[in-house]
Protein chains: 4
Amino acid sequence: MTDPTALLGPDGFPRPEAWLEHRVSYGETDAMKVVYYAEYLHYFERARSLFIRRHGMSYATVEERGIALPITEATVRYKRPLRYDDLALVRVGISQWRGASVCFVYEVHSEDRATLHATGSTRHACVDPTGRPVRVPGWLRALFTAS
Amino acid sequence: MTDPTALLGPDGFPRPEAWLEHRVSYGETDAMKVVYYAEYLHYFERARSLFIRRHGMSYATVEERGIALPITEATVRYKRPLRYDDLALVRVGISQWRGASVCFVYEVHSEDRATLHATGSTRHACVDPTGRPVRVPGWLRALFTAS
Amino acid sequence: MTDPTALLGPDGFPRPEAWLEHRVSYGETDAMKVVYYAEYLHYFERARSLFIRRHGMSYATVEERGIALPITEATVRYKRPLRYDDLALVRVGISQWRGASVCFVYEVHSEDRATLHATGSTRHACVDPTGRPVRVPGWLRALFTAS
Amino acid sequence: MTDPTALLGPDGFPRPEAWLEHRVSYGETDAMKVVYYAEYLHYFERARSLFIRRHGMSYATVEERGIALPITEATVRYKRPLRYDDLALVRVGISQWRGASVCFVYEVHSEDRATLHATGSTRHACVDPTGRPVRVPGWLRALFTAS
């Protein structure tokens with residue numbers, strides 16, 4: 001799934017990367033006393049937004065420039081549950097560029113990075129305001145690959 | 001809080017009313033094994049949408065006609081917790097009309113109507129597409145007050 | 001991904017199946033005016049609960065019998081967006097049984113079944129109250145495979 | 001609603017207070033392109049948890065000591081909408097102590113504190129593990145009133 005042209009760190013995770021700190025709220029837990037499975041997609045989105053912001057742009061600005069990145073596929077692998085009040089570290093990077101799509105990958109770690117709670121990915125189409133697929137603009141790719 | 005011009009049923013709840021059946025999902029519960037407190041506002045919104053739909057219109061259509069009903073105030077009183085897989089009956093009616101606002105009231109009952117789980121209210125401004133308050137249009141009031 | 005022992009319908013979807021009707025609420029939409037991507041996992045869970053209920057048991061009862069089915073993997077493929085007030089039909093069935101896990105598959109259709117909005121899957125471990133993997137009990141498999 | 005024994009700051013907000021920074025995610029917005037009304041109760045809960053944590057305890061620890069604080073009433077007044085990627089500052093304090101209940105109040109400010117987006121309150125019963133109301137323990141009140 002990883003683009004041969006993607007820059008990988010020594011641990012096999014793509015670079016550049018970003019790390020989001022996220023405190024688990026009570027509303028994210030369920031009756032099993034762990035974080036509900038859909039919440040991880042919210043974590044991924046928060047990490048993705050942070051990644052874009054760290055590269056000098058907001059996703060809102062990307063949209064203002066006429067590009068939207070709707071999700072076409074999402075996967076999550078749940079390894080160890082998160083609980084209320086845990087501080088999770090959500091890691092994000094870009095694993096693959098294609099002509100008209102981009103794939104983000106994620107890891108959810110414990111505060112001390114000793115436990116990997118989950119991994120996942122989201123694939124995004126690159127579309128214009130009418131929803132038609134377009135090639136990933138050079139400025140977007142340049143933005144995201146700058147370290 | 002009730003408009004003297006509102007039609008009340010013998011039980012003091014405004015008429016017309018609508019009843020939404022809602023099955024509690026796992027994702028709505030929290031680590032106390034009961035429905036998380038914010039979910040009740042989702043229930044109220046579902047009941048409100050049903051109320052509008054039952055009166056022959058979708059809230060989407062109301063917006064297409066240039067009227068939005070943003071919420072200015074919400075209250076919930078929590079009486080008995082709901083649990084996973086409970087079938088809740090959410091009752092909704094309009095308690096008050098003012099020049100440029102309308103107030104909905106809600107009750108959340110158990111399936112057998114023997115237990116009142118919660119009550120609440122939402123106040124809505126009536127605004128045009130620019131967000132400016134406008135008088136409640138006659139067609140909207142007529143729509144909602146038809147039984 | 002489909003178990004050779006699973007019974008498939010003529011359309012390739014496993015049998016037995018269940019169909020959940022779900023009305024899209026405002027709270028499920030996002031600023032792109034479509035259903036937010038994490039909500040589909042809520043839809044899947046609602047459909048799964050319905051599937052279990054239709055087979056004569058609640059997931060709460062499964063848990064009372066000492067079996068939990070925590071999710072180890074989830075995937076969603078997003079094909080066409082859903083919008084506020086749409087009535088979605090969520091189809092669910094079991095595609096695979098393994099010794100200590102079970103895999104559900106899902107399809108999200110429009111009300112008229114003319115549009116396929118999304119597909120997906122969830123894999124569940126079968127665990128005892130201490131969280132240790134156990135073989136899927138016969139009663140559970142019998143329950144789910146009865147038509 | 002404010003306890004005469006509560007310590008108020010010069011701005012009329014109770015002391016001690018805590019401020020939570022919260023970045024608005026896409027999943028919190030709705031089709032009106034603003035934060036959905038139920039999300040504010042999540043913000044309040046995050047701020048409340050922070051308040052407790054800042055006073056040296058986690059709400060999980062409060063529960064381990066045999067005290068739960070279920071919400072009996074919540075109110076929100078919506079003044080100015082929040083949008084995707086906004087950084088909100090959520091202020092929290094305790095406005096009232098009664099024998100067996102406590103009331104938190106909240107304000108949601110913009111990043112520059114120039115705009116007040118919302119205000120609200122939550123009332124909490126103090127209950128033992130069986131759900132029976134009990135007097136607020138001295139250690140809890142001491143914890144929350146220490147500055």
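Suppose every K and R has +1 on its Cβ and every D and E has -1 on its Cβ; what is the size of the dipole of the stretch A:79-147 about the Cα centre, in Debye to the nearest 20?
380 debye
If you count, for every residue in A:78-88, the Cβ atoms of partner chains within 10 Å of its Cβ, what is the mean?
Rounded to a whole number, the mean comes out at 3.
In what sequence, highest mean first, do B:137-144, A:31-38 appear when ranked by Cβ atoms within 10 angstrom?
A:31-38, B:137-144
Tell me, what is the percent relative contact order of the stretch D:7-145, built from C-alpha pairs under 8 Å that lie six or more residues apart?
28 percent
If you place +1 on the Cβ of every Lys and Arg, -1 on the Cβ of every Asp and Glu, and leave all else neutral, what size is the dipole of the protein assembly as shown about its Cα centre, to the nearest 20 Debye?
Around 0 debye, computed over the protein assembly as shown.
Collect residues whose amide H, placed 1.01 Å from N in the peptide plane, falls under 5 Å from the amide H of C:R15; neighbours closer than 5 in sequence don't count.
Sorted by chain and number, the residues that satisfy this are C:L7, C:L8, C:G9.
Which FRET efficiency value, to the nearest 0.05, do you get for C:A146 and A:K33 by plugging their Cβ-Cβ distance into 1/(1 + (r/R0)^6) with R0 = 25 Å?
Working from the Cβ atoms, E equals 0.20.
With r defined as the distance between the Cβ atoms of A:T115 and B:R23 and R0 fixed at 41 Å, what FRET efficiency is calculated, to the nearest 0.05?
0.75
Taking all pairs of different Cα atoms in chain D, averaging 1/r and flipping that mean, what Kirkwood radius in angstroms comes out?
About 15.9 Å, per the Kirkwood formula over Cα pairs.
Taking the Cα centre of chain D as origin and charging only Cβ (+1 Lys, Arg; -1 Asp, Glu), how large is the dipole, in debye to the nearest 20?
360 debye
Shortest first and in nm to one decimal, what separations exist between C:W19 and its copies in the other chains, measuring from label points 7 Å along the Cα-to-beta-carbon line?
From this label point to the equivalent ones elsewhere in the assembly: 2.6, 5.0, 5.5 nm.
Reported to two decimal places, what Rg/Rh ratio describes the protein assembly as shown when computed on Cα atoms with Rh from the Kirkwood expression?
That ratio equals 0.95.
Considering every residue in A:39-50, what mean count of other chain Cβ atoms within 10 Å of its Cβ is obtained?
Across the residues of A:39-50, the mean count of other-chain Cβ atoms within 10 Å is 4.
Put a label point 7 Å from Cα along the Cβ direction on D:T130, then list its distances to the equivalent points in the other copies in nm, shortest first.
The projected label point of D:T130 is separated from its counterparts by 3.1, 6.3, 6.9 nm.
Which number comes out as Rg/Rh for the stretch B:1-76 once both Rg and the Kirkwood Rh are worked out on C-alpha atoms?
So for the stretch B:1-76, dividing Rg by the Kirkwood Rh gives 1.02.
For the stretch B:19-147, build the charge dipole from Cβ charges (+1 Lys, Arg; -1 Asp, Glu) around the Cα centre, then report which of B:V92, B:H117, B:L140 sits farthest towards its positive end.
Projecting each Cα onto the dipole axis, the largest value belongs to B:L140.
Show that you can apply the helix-only estimate: for chain D, add -39,500 (n - 2.57) for every DSSP H stretch of four or more residues, divide by all residues, and state [θ] at 222 nm to the nearest 500.
Dividing the helical sum by the residues of chain D leaves -6000 deg cm²/dmol.
From the label point of C:S58, set 7 Å along Cα to the beta carbon, how far off in nm is each other copy's matching point, shortest first?
C:S58 label point versus its equivalents elsewhere: 3.0, 3.2, 4.4 nm.
If you count the DSSP beta bridges with both ends in chain B, what percent of them are antiparallel, to the nearest 5?
For chain B, the DSSP antiparallel bridge percentage is about 100.
Tell me which residues come under 5 Å, amide H to amide H, from A:T29 once H is placed; ignore anything under 5 positions away on its chain.
Those lying under 5 Å, H to H, from A:T29 are A:Y36, B:A31.
Quantify how strongly other chains surround peptide B:111-117 by giving the mean number of their Cβ atoms within 10 Å of each of its Cβ atoms.
Rounded to a whole number, the mean comes out at 0.
Read the figures in this text as sums done on the coordinates, not as results from a lab. For clarity, every value in this text was computed on a predicted model and none was experimentally measured. Virtual Cβ from ideal backbone geometry, glycine too; neighbours counted across all protein chains shown.
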